[in-house]
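Below is one structure, written out as structure tokens; comments come after it.
The values are calculated or read from the model by the stated rules, or taken from the named source; none is laboratory data. Just so it is clear, the model here is predicted, and its values are computed rather than measured. Note that each Cβ is placed from the backbone with ideal geometry, even for glycine, and that neighbours are counted across all protein chains shown. Accessible surface is based on the protein model in full, side chains and every heavy atom, while ligands, DNA and RNA are left aside. Shrake-Rupley method; radii C 1.70, N 1.55, O 1.52, S 1.80 Å.
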Amino acid sequence: MTHATETHPATGLPHWETTPDDLAGAIRETKAALRARIESSGRTVAEVFAAVEARVEARIGEIEADRARGEEVWPVLDYEAIENGTVTPEQKAKLKQRGCLVVRGHFPREQALAWDADIVDYVERNELFENYAGPGDDFFGSVGSKPEIYPVYWSQAQMQARQSDRMATVQSFLNSFWKDTGDDGTQWFDPDRDALYPDRIRRRPPGADSSGLGTHCDPGTLDLWMTSEYQKAFRHLFDGTAEQYDPWDAAHRTTGPQYPGSTMCSAFRTFQGWTALSDMDNDQGVLHTVPIPEVMAYLLLRPLLPDVPEDSMCGVRTNQVFPVTKRWHPALYRALSPIPDVRAGDSVWWHCDMIHSVAPVQDQKGWGNVMYIPAAPWCARNERYAAEVREAFATGSSPGDFPEEHYERAWTGRFTPDQLNETGRRGLGLD
């Protein structure tokens, strides 16, 4: 078996492995080349997009039908079913169709509430609020609370959850939905070993007003069209065979470069995710998704239609989040669906390509507390980032994907290297 470590030969399309100096010119060149590539298949861009649009419209119709019947749009599984291997084929099929999942009882409720209390003790003991300098990035700074997103990465609670057996069990289960090995034997990632990807905490108090987060997706920006590995990852969208596109195929997603940006993720994530540290009702400013994994086909082909300016990718730019807007993607908003009510200890997961947002809330009822932990299987990209994570962990620094705030460097009670178990060591590349 060949492990994926190097980029493959060029695609024949113009490509830029670092951010182009002339972005507008690069966009125009890329769009012309992609249109020519699609049309060389004997189909027009409009015909290929129409096929994708019909596929997405069918999914939207299924979601609307579920709602009309009063059924839950999001799949929900008990942790015990995952642990015991008793998830039914029908449940697996719905998860793959919708690309999202709530895991009930992923951790015992008492454990999650204890972690939440431990985080409070950790930040208060180390005087975060007395020293807080304001949001470190424009994206999460828009939510409006002070702070809602805690720039904290190395608490006992976060590290215990990241390296726990229960987390590894769910991550492996989710990774298994992906095609991790190519037909030629290339292994794109190891589904049973996750990189330990450190992310922040959200704690939103009762009575809070929050403007939420706009509808967007996170796998990249212009690099999705302009780098050779992503061009190969999305090859079926760009060569006229869009019906063959598989959003669960990891080929070429785990090796290539990314353009830098304030909201980029250096790791490959099969699923984004968070673990609830409080009970949350689904009308209290919670996560919404468009639960259609294949929606990336729609998003990547939409800019090639003639109503979009030649130097525009429907508003996608470097150094900003990938926007999904009613101007360019109005039909997708019909499928935007909130998570079910969750309780402390439940976890929430969504396919890395999926559109998502956080709804605004006024006078929130109850706490809205989560710690962000994704499924990020071991691969070439995640191994590279693990070296940065190890250094940040050792020094209590903010990891490389996040603003350079470094609040924890001198904090007491930080999780220490001697507390790592085997899973934690493997997740940091210390095995």
Sum -39500 (n - 2.57) across every DSSP H segment of at least 4 residues in the chain, then divide by the residue count to get the 222 nm mean residue ellipticity, nearest 500.
-> -9500 deg cm²/dmol
Name the helices (complete DSSP H segments) of the chain with a Cα length along the long axis of 20 Å or more and a Kyte-Doolittle mean of at least -0.5, or state none.
-> 23-39, 45-68
From the backbone phi of region 305-310, what are the Karplus-calculated ³J(HN,Hα) couplings (6.51 cos²θ - 1.76 cosθ + 1.60, θ = phi - 60°) in whole Hz, Gly and Pro given as x?
-> 6, x, 7, 9, x, 5
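Over all alpha-carbon pairs in the chain, figure out the percentage whose distance exceeds 31 Å.
Of all Cα-Cα pairs in the chain, 38 percent lie more than 31 Å apart.
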GNM on the chain, C-alpha springs below 10 Å: top fluctuator among 20, 75, 198?
-> 20
Mean Cβ-within-10 Å packing, highest first, puts peptides 187-196, 395-404 in the order 187-196, 395-404
Of the peptides 240-246, 151-157, how do they stack up when ordered by the mean number of other Cβ atoms within 10 Å, highest first?
-> 151-157, 240-246
Which residues' amide hydrogens lie under 5 Å from the amide hydrogen of residue 76, considering only partners 5 or more residues apart or on another chain, with H built in the peptide plane?
-> 102
Proximal lysines to residue 179, defined as alpha-carbon separation beneath 16 angstrom and excluding residues fewer than eight positions away on the same chain | 92, 96, 232
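Find the accessible area per residue for region 252-383; the probe is 1.4 Å, ligands and nucleic acids are left out, and the unit is Å².
Accessible area per residue, region 252-383: 29 Å².
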Expressed as a whole percentage, what fraction of the accessible surface of the chain belongs to carbon and sulfur atoms when a 1.4 Å probe is rolled over the protein heavy atoms?
-> 48 percent
Given a cut-off of under 8 Å on Cα pairs at least six residues apart, what relative contact order in percent is computed for the chain?
-> 28 percent
Taking only Cα atoms and a 10 Å spring cutoff, compute GNM fluctuations for the chain and point out the largest among 41, 278, 164.
-> 41
Using R₀ = 51 Å, calculate the FRET efficiency as 1/(1 + (r/R₀)^6) where r is the Cβ-Cβ separation of residue 24 and residue 86; round to 0.05.
-> 0.40
If you plug each phi of region 219-236 into the Karplus form 6.51 cos²θ - 1.76 cosθ + 1.60 with θ = phi - 60°, what whole-Hz ³J(HN,Hα) values come out, in order, with x for Gly and Pro?
-> x, x, 10, 5, 4, 5, 9, 10, 9, 5, 5, 5, 4, 6, 4, 9, 4, 5
Starting from the Cα-Cα distance between residue 319 and residue 62, subtract it from 0.36 nm times their residue separation and give me the gain in nm to one decimal.
-> 89.0 nm
Per residue, how much accessible area does region 127-250 show when a 1.4 Å probe rolls over the protein heavy atoms, in square angstrom?
-> 32 Å²
So who's got an amide H within less than 5 Å of the one on residue 405, skipping anything under 5 residues away but keeping other chains? H placed 1.01 Å off N, in plane.
-> 398
With the calculation restricted to Cα positions, what are the radius of gyration and Dmax of region 35-167 in angstrom?
-> 22.5, 66
Using a Gaussian network model of the chain whose springs link C-alpha atoms within less than 10 Å, name the residue from 127, 47, 90 with the highest mean-square fluctuation.
-> 90
More than 25 angstrom apart: percent of Cα pairs within region 126-259 = 49 percent
Sites residue 183 and residue 384, calculated FRET efficiency, Cβ-Cβ separation with R0 35 Å, nearest 0.05 | 0.85
Gain in span if fully extended, residue 416 to residue 241, counting 0.36 nm per residue against the direct Cα distance | 58.0 nm
